[in-house]
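Asker: I have a structure here, written as structure tokens, and I will follow up with some questions on it.
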Amino acid sequence: MGNRINSPAVLWAVTAVVALATAGCASRGGSSGSQPAAAPAPAAAAPAPAARGGAKPGMDAQGNVVDSSKVEAGSGRTVKGLNGYEGEITGNPARNSKFARLQIGMSAKQVTDLAGPPTDQGAYVTGKAFIPFYFGSDRHRFEMTYKGQGRLIFAGGGMGDFSSGNLIWIIHNPNESGYR
């Protein structure tokens, strides 16, 4: 007998596939002939809005931080720190800055011993806090602000401890208000 198809359901399915394929070619401007459909034109990427003078958000053209709250991660230089920590330093330190002796990887206690108490401080969660069964570090951040100096960001400490961690980002800003 061979592989003869006599089922009306199979014949209907094959007809539907051919009809859809033909309609798909027609909707793209092609025809049911042997000519391939034209490739769609690539979409032009919209340019990101530039900050004043082409500077990064929260910074001026010379690399000085103008608004610490608007500085984006990755806008500074990446450095290796203590105990294998890698972090970022953004902006240029002010003359006689309390941050001059700080190093990436220092604990919050070491930082306050060198720089003194902050003007303001607070904590917030990161996206890693929402990963189910993730018990690693960096589920939250701790931030200290120093008036006239800038901000210090720490990667979270242990479970439930939102006031410690290790220094991962130094933001130098001589115009810092000192409040979050």
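The values are calculated or read from the model by the stated rules, or taken from the named source; none is laboratory data. Quick caveat, the model's predicted, so the values are computed rather than measured. Note that we place each Cβ from the backbone using ideal geometry, even for glycine, and neighbour counts take in every protein chain shown.
Asker: When the stretch 105-155 is examined, which residues are found to be in contact with a Gly (Cβ under 7 Å, 6 or more places away or on another chain), at pLDDT 90 or above and of a type in the set (Lys, Arg)?
Answerer: Residue satisfying the conditions is Lys147 alone.
Asker: Right, another one. Restricted to the stretch 108-134, and to residues that are without any contact (Cβ under 8 Å) to a residue 12 or more places away in the chain and among the small types (Gly, Ala, Ser), which residue is surrounded by the fewest Cβ atoms within 10 Å (Cβ to Cβ)?
Answerer: Applying the filter and picking the extreme gives Gly127.
Asker: Which of the residues spanning the stretch 85-107 are surrounded by 18 or more Cβ atoms within 10 Å (Cβ to Cβ) and either under 10 Å from His172 (Cβ atoms) or touching a Ser or Thr at 6+ places or on another chain (Cβ under 8 Å) (or both)?
Answerer: Selection gives Gly87, Glu88, Ile89, Thr90, Gly91, Ala94, Ser97, Phe99.
Asker: Here is a follow-up. Here is a list: Gly53, Gly74, Gly63. Which entry is modelled with pLDDT under 75, under 16 Å from Ala155 (Cβ atoms) and not in a strand (DSSP E or B)?
Answerer: Details: Gly53 fails: under 16 Å from Ala155 (Cβ atoms); Gly63 fails: under 16 Å from Ala155 (Cβ atoms).
Unique residue meeting the criteria: Gly74.
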